[in-house]
Amino acid sequence: MLIALNAAALGCFYWFSDPWVHPVMTVTDDFAGANPRSGALVVTSNTTYEVLKPLEEQDIYNTALIFGIIAREASNAITGEYCRGLLLLRMNFYDINFKREAFLCFYRALEHFVAARILNVPKLKNELRDFKRALAQVGASQVLVDELREVYTIRSSQIAHSQVNQREITFDEVMKTKVFLDFVMHKTFKAQANQMMEAHKS
């Protein structure tokens, strides 16, 4: 339901309670260990919005439509990556955040969705070209298609070699990737739900 709400409203919704990964330490009154007690170094997530947009009736309707499709998903390739992305986006470990990992979760889900659900291919041959083709297929504007290049460039910069310093991924960059994923899910699942409803009527 949470994934359906995100995709339907093209917003950012997550669980009420943040993931608990704060470092826990033991505090004592002296070096002998008198009166031991646990304390956590809690850091509030900085992934919040200053202005919140209220849900519209159309958002609720779209959520119900999209949930009907997502609930039938046999594979958790998309839903698993999506949920991990939401969890990692809100997760902090003292002064460490997991925005890079959240970005990659949403990107992998986008890759899988484009290949399996829109283009119906086992794997993408030329990612950027295939992404653009898929976005055009679901009715994205040229401006949105051009924006994808920035997301692809960010993904390409995130290499797996620790000896090369990687730049930090910003909250806005994670959200841009998530919006692309939400957009293709919204368009594809809503069209599929409408087709099922029409077939049921006839």
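Structure data summary
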| quantity | calculated |
| --- | --- |
| Within straight-line cross-link reach of Lys201, lysines at Cα separation under 27 Å, skipping those fewer than 8 residues along the same chain | Lys187, Lys190 |
| Rounded to whole Hz, the Karplus (6.51, -1.76, 1.60) HN-Hα couplings of the stretch 90-99, x for glycine and proline | 9, 8, 9, 10, 6, 9, 10, 10, 10, 5 |
| Linear extension gain, Ser157 paired with Thr170, 0.36 nm per residue minus alpha-carbon span | 3.3 nm |
| Top positive-direction residue, dipole computed over the stretch 2-201 with Cβ charges, set Ser38, Leu55, Ile69 | Ile69 |
| Zero-based 5 Å bins, Cα pair distances in the chain, whole percents | 1, 7, 13, 17, 17, 15, 10, 7, 4, 3, 2, 2, 1, 0, 0, 0 |
| Cα-based helix-to-principal-axis angle, 57-70 vs the chain, degrees rounded to 10 | 90 |
| Pairwise centroid distance, computed over Cα atoms, of the stretch 108-130 with the stretch 25-96, Å | 27 |
| Fewest-first sequence of Ser38, Ser157, Ser45 by Cβ atoms within 10 Å of each Cβ | Ser38, Ser157, Ser45 |
| Cβ-Cβ FRET estimate between Glu147 and Thr28, R0 fixed at 41 Å, reported to 0.05 | 0.15 |
| Cα coordinate range in the stretch 63-135, projected on the principal axes (Å, largest first) | 42, 32, 18 |
| Candidate aspartates and glutamates - alpha carbon under 14 Å from Lys132, same-chain residues fewer than 8 apart omitted | Glu111, Asp146, Glu147, Glu150 |
| Extension gain (nm, one decimal) between Trp15 and Asn120, 0.36 nm per residue minus Cα-Cα | 34.6 nm |
| Set of the stretch 133-154 residues, backbone N closer than 15 Å to the point 7 Å along the Cα-Cβ line of Gln192 | 138 |
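Throughout, read-outs are computed from the coordinates displayed, never taken from laboratory work. From a predicted model like this one, the values you see are computed outputs, not experimental measurements. When we count neighbours, we look across all protein chains shown, and the Cβ atoms used for this are built from the backbone with ideal geometry, even at glycine.
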